[in-house]
Every structure is written in structure tokens, then in C-alpha cells.
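**Q** The structure under discussion is supplied below as C-alpha cells; questions concerning it will follow.
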Amino acid sequence: MNESTPRTPARELAQLMRQLRVDRAVSGTALATALGVGFSQSKISRIEKGGDLAGGLTPTPMDAGRIAWQLRAPRQDRRRAIGLALQLSQERAAHSPLRIALQSGSPRVQQRIREREARSGHLATFHPAMVPAMLQTLGYRESIADSGPTPPDPALRAEWLLERAAREAHRATRPATQVVTEGALCWGPAGAAAMIEQCEHIARLIGERPHWTIGVIPRIVAAGAAIDYPPNGFDLYDEDSVLVGTTAGNALVTDRATVDSHIARLARLRRLAVYGSAAREVLARVAREYLALTR
């Protein structure tokens, strides 16, 4: 940190977190591994960047304490880290509501989601019954636009499709974690031909987007696996807010405990998924099953 950089509590905490790790000669990857569930090399990097910078993250007091303890930091440094994190947590709570309930279809809702999505450095998505938006083909997306008891307004339909495509193009260059279930792929709202295309599209993305982590949870998982039963889909933005979708609408949540519970849930779901060639095998199997329906 140079003399011209404002010394805010967020940057002071970020500098302290990095210095503690450097002093112990521990890499970010090794530290994340030692800390376990809820931590990753990316998260450590973002904490050391600072929560007041784009893509940075302010740790919770608990996370700051865990990192300092894992690094065997002196007591005064542990107290300083926890104190700064607590101060920042209290300031955030004082300036913004912990929970923002959003009603489905509201223009204000969609604008707030778009703004949060646009400034997020990392987006992690899981949905139990749908293909995540970042992985959708145009055919799949059109089937969603056309769903409902009444035909959609043509102008609104076209606007939604264009906006969705623009948002996904914006995210294409950024790191992401996307977990799709085989069951969602077997639930084919777009018809057999479009679902074959959807499976092939995800398989291509696995090879073309090395900065994305794409996992597929098979219909049958290994015996003894720690199964999770998430009732709703969710999007994690930079591990500091979560958009939870329900049939009644959406909720953008910044409450730390709720966000952390979804981070832990995503970690459990990721352990159920397969990746790389194994994921492509699952996608090919689903595509073959759809192909059989067309004969």
C-alpha cells in the first residue's frame, strides 16, 4: 500500500490478512485447503484484495479469526483482524438492510439484480430443476420465455431474450462456477431436439471455458455421499450476497449467516458433481436418451 492510497479499515484488514499469510510463507491454495469447507484460493485472494475494491471481499469476523488462528498469528494480530472485520460488518449493517425482499416481475427487482450481477467478479449458480442461465442455449431460453398459461407479449419476449443474451455475453469472460443436475437436463421443456442441442452446448463449454467450473450431478450418486436437498435455485455473487429464487419471487440476501449457509451448500453440491470428461459422458448419455425419443 503506497502513501497515496487511502488507509481505510477495509484495506487495513486486507493488508493484515495478506501479511499474516506471507509471514508464515503459506500459499493461498495451501491456506484454503487447511481451512476447508467455505474457503478457496479465490476467496483468500479476494479477502487480501479488500472489500472496498471491485472483486474484493471483506471477511466475516469468524472467517478473519479462522484465518488468523490457522496462520498461528500473534494474539494482538488475531484481535486486530477480528476487530476490523467486526467494525466493517457493523458499518455494512448500518448502511444497508440485511435482507431485501424482491417481488417477481418488478422492474426495480430486475434492475437491482442486473446491477449486482454486472459488478460481481465471480458468479456461482445452482438450480435443482433448470439449466443455469449461463449454460442455456437460445432454444432452451425461448422455451422459458414461452412458458406460462398465456402467450407472452411478442415485444416483451424479444426484449427479454436480447437482454438475457447480453448479460450472458458480459459474464462469458469472467470466472464462474455452474452446477447443473442431470435431472434438470432430463426435464426437457424445449423438446427432444432442443435438449440434445442443450447437452452438446454444455459439453462444448466445458472445453471452451477453462475459467469456468462446470459440474453435472448425476441422477445416481455414490452410496454414502453427503446428499443435500436444496429446495430452490440460487446465485452467489462474490460470496457476499445470494439471490434465492422461489415460485413467489426472488430474495437478494446479504445477511452473512444466510450467505455462508449457501456457500457451504454449494461446496456440498460440488462434491456430488462430476467434471471434465466424466461430465461430458453424462451429457452424452442424456442426449442419446433424447435421440431415442425422436426415432
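Read the figures in this text as sums done on the coordinates, not as results from a lab. Just so it is clear, the structure is predicted and the values come from calculations on it, not from any experiment. Cβ: placed from backbone, ideal geometry, glycine included. Neighbour counts: every protein chain shown.
**Q** Expected output is a single nm value to one decimal: the length gained when fully extending between Arg114 and Tyr275, i.e. 0.36 nm times separation in residues minus the C-alpha distance. What is it?
**A** 55.1 nm
**Q** Distance between Cα centroids, segment 57-75 to segment 154-169: provide it in whole Å.
**A** For segment 57-75 versus segment 154-169, the Cα centre distance is 43 Å.
**Q** Please list, in chain and number order, the residues 5+ apart from Thr177 or on another chain whose amide H is under 5 Å from its amide H, with Hs placed from the backbone.
**A** Counting only residues 5 or more places away or on other chains, the set is Leu123, Ala124, Thr125, Thr213.
**Q** State the antiparallel share, in %, of DSSP beta bridges confined to the chain, rounding to the nearest 5.
**A** 65 percent
**Q** Residue separation times 0.36 nm, minus the C-alpha to C-alpha distance between Arg157 and Trp69: what's the value?
**A** Contour length minus Cα-Cα distance gives 26.4 nm.
**Q** Quick check: pseudo-label points 7 Å beyond the Cα along Cα→Cβ at Ala166 and Gln41, how many nm apart are they?
**A** Computed distance between label sites Ala166 and Gln41 equals 3.6 nm.
**Q** Largest first and in whole Å, give the semi-axes of the chain's equivalent ellipsoid, each being the square root of 5 times a Cα gyration tensor eigenvalue.
**A** Ellipsoid semi-axes (Å, largest first): 38, 23, 16.
**Q** Here's another thing I want to ask about it. Using +1 on the beta carbon of Lys and Arg, -1 on that of Asp and Glu, and nothing else charged, what's the dipole of the chain about the Cα centre, debye to 20?
**A** Its charge dipole is roughly 880 debye.
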